[in-house]
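For reference, the structure discussed in these notes is given below.
The values are calculated or read from the model by the stated rules, or taken from the named source; none is laboratory data. Computed from a prediction, not measured in an experiment: that's the story for all the values here. Please note: Cβ atoms are built from the backbone with ideal geometry, for glycine as well, and neighbour counts cover all protein chains shown.
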Amino acid sequence: MIKKFTAVLTTSAALAGLALGGIADAKAGQNLRYATWDPPHHEMRKFGVDVWVKSVGKATGGRVNVRMLTKGLGAPPAYHDFIKGGAIDVAHIIPAYTPGRFLLHKVAEFPFLTNSAKARTVGYWRVYKKHFEQANEAKGMKLLTVWVHGPGLIHNAKRPVNKMGELKGLKLRVSGDNISALAKSMGATPIFAPITKVHNMLSKGVIDGVFLTYEGIKNFKLGKLVKFTTVPPGGLYATMFQMFMNQAKWDGISKKDQKIIEGISGEHAANYIGDAWDLADRNGIKHMKENGIKIIPMPAAFTKKAKELWKPIQAEWMKKAAAKGVDGEAALAMLKTEIKKIEAASK
C-alpha cells in the first residue's frame, strides 16, 4: 500500500526547476535546498522549521544558507530517498511512513506518555543522544533535530466512541505501524495514509475517521468532516519527525560551520519546534469547538483496556531494540523521567 504514496520525481530537470524556484535569492555561500509537503500556514512551519531555515544563514554569517523550495517534491513517504539520494539537501521526514527503515524513534510514539509535544520532543532528543545515536540508523544522512507532535486522538464522522466496542467496524486512518497495531487490536480497521491524503479519503467515505492530533483537524481542513473526537490521556500515539541533511552536503560544510549548525539545531531547535506544536494544538481545540465537534474524554475503563492491549506491542519493540544493542527499558524510563522534568519546568 505504501508504494502508492511514494511517487518520486525522476528527472533531474524537474528537480532543478523546483530548486531554482526556492533559492533564486540566496546570498553567496553554500546554498542548501529544503523541501516539505507541509502547508506554509502550519504553526510547525511558521514558528518552527522556517525559523530554523532562516537561522542557519544568520548564525554562519551567510557562509551556509538554507532556502525553502517553493513547492514540495512529492508525497511525504518519498522524502527519505530524496534526502539520501541528493535530490534535496535537507528536509524532515516521518519515519513511520517508511516502515522497516527505522526502529528506535518509536519509543517517542508510545501511548499515554504526555499531552505536551514539547515534553515528548525535547525528552526524546535527550534519549536519542544517550541511547540511540551510536546505533546509526540513518547512514547517508546527518540527523539535525527531531520533533514529535501532540497527543494522537480518535476522530470520526460516524458516532461517539465512549468504549472500545464502538470502534468495531470503523475504518480509521493511521500514520504508522505502532498505532496500526493498537487500532487493530481495539477492533478498528486501520488504513495507512499520509496526512495529505486524509481530506479526500474522508470526504469520499473511503475512511470513517482518523487517528490525528487536535491541530490536524484545523491545519488539514477536516473540521467539517469529523463530528466526534475521543481524547485518551497522554495521547493514543504520537508521530516522530526527523530533520536530516544529505551526508555529502554535510561533509562539504566546514567544521566551524558544522559546529555552529549543530548548536542551533538539536535540543535548541527541539524546544521551539515543540512549542510550535503545542500552540498548534491550542489553536486546533478552538477550531474544533467552533465547528461543533463533540470532544469526549476517554473513559477510565476504555483507557485501562487500551493500556493492556498495548503491552505486547511495546514488548515487541523492546526485543527489536535489544537486537540493535539498545536497552529499551532504560530508554523508555529515561524518556518518562525527562518528560516529567520538562512538564514541571513549563508550569
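Just one of (1) touching a residue at least 60 places away in the same chain (Cβ under 8 Å); (2) in a helix (DSSP H, G or I); (3) assigned by TED's automatic domain parsing to the domain that holds Lys129 trips up Leu309, so point out which. Failed condition: (3). One residue stands out in segment 216-266 among those that are of a type in the set (Ser, Thr, Tyr) and within 15 Å of the chain's Cα centre (by Cα): the one that is nearest to Met298 (Cα to Cα), namely Tyr237. Restricting attention to segment 52-65, the residues that are within 21 Å of the chain's Cα centre (by Cα), without any contact (Cβ under 8 Å) to a residue 60 or more places away in the chain and surrounded by 19 or more Cβ atoms within 10 Å (Cβ to Cβ) add up to 0.
Looking across segment 243-277, the residues that are under 30 Å from Arg173 (Cα atoms) and buried (at least 22 other Cβ atoms within 10 Å of the Cβ) come down to Met243, Phe244, Met245, Ala269, Ala270, Ile273, Gly274, Ala276, Trp277.
Of the strands (runs of 3 or more DSSP E) entirely within segment 101-175, those holding at least 1 residues that are more than 21 Å from Ala306 (Cα to Cα) and out of contact with any Lys or Arg (no Cβ under 6 Å at 6 or more places or on another chain) occupy 141-148.
Taking first residues from segment 143-164 that are touching a residue at least 40 places away in the same chain (Cβ under 8 Å) and partners that are of a type in the set (D, E, K, R) and in a strand (DSSP E or B), the Cβ contacts under 9 Å between residues at least 6 apart in sequence or on separate chains come to Pro160/Lys294.
Looking at the structure I just gave you, is Leu202 buried (at least 16 other Cβ atoms within 10 Å of the Cβ), outside any helix (DSSP H, G or I) and either of a type in the set (A, V, I, L, M, F, W, C) or more than 21 Å from the chain's Cα centre (by Cα) (or both)? No.
Out of Phe302, Phe241, report the one residue that is closer than 30 Å to Gly29 by Cβ and either in a strand (DSSP E or B) or in the same structural domain as Gly165 (by TED's automatic domain parsing) (or both). Walk me through how you get there before you give the answer.
Working: Phe302 fails: closer than 30 Å to Gly29 by Cβ.
The unique qualifying residue is Phe241.
Against the definition (charged (D, E, K, R), closer than 23 Å to Ser180 by Cα, buried (at least 16 other Cβ atoms within 10 Å of the Cβ) and modelled with pLDDT of 95 or more), how does Lys227 come out, yes or no? Considered against the rule, which asks whether it is charged (D, E, K, R), closer than 23 Å to Ser180 by Cα, buried (at least 16 other Cβ atoms within 10 Å of the Cβ) and modelled with pLDDT of 95 or more, Lys227 comes out as yes.
Would you say Pro77 is surrounded by 19 or more Cβ atoms within 10 Å (Cβ to Cβ) and either touching an Asp or Glu at 6+ places or on another chain (Cβ under 9 Å) or in contact (Cβ under 8 Å) with a residue 60 or more places away in the chain (or both)? Taking the combined requirement at face value, the residue satisfies it. Among the residues making up segment 57-83, those that are in contact with a Ser or Thr (Cβ under 9 Å, 6 or more places away or on another chain) and in a helix (DSSP H, G or I) are Pro76, Pro77, Ala78, Tyr79, His80, Asp81.
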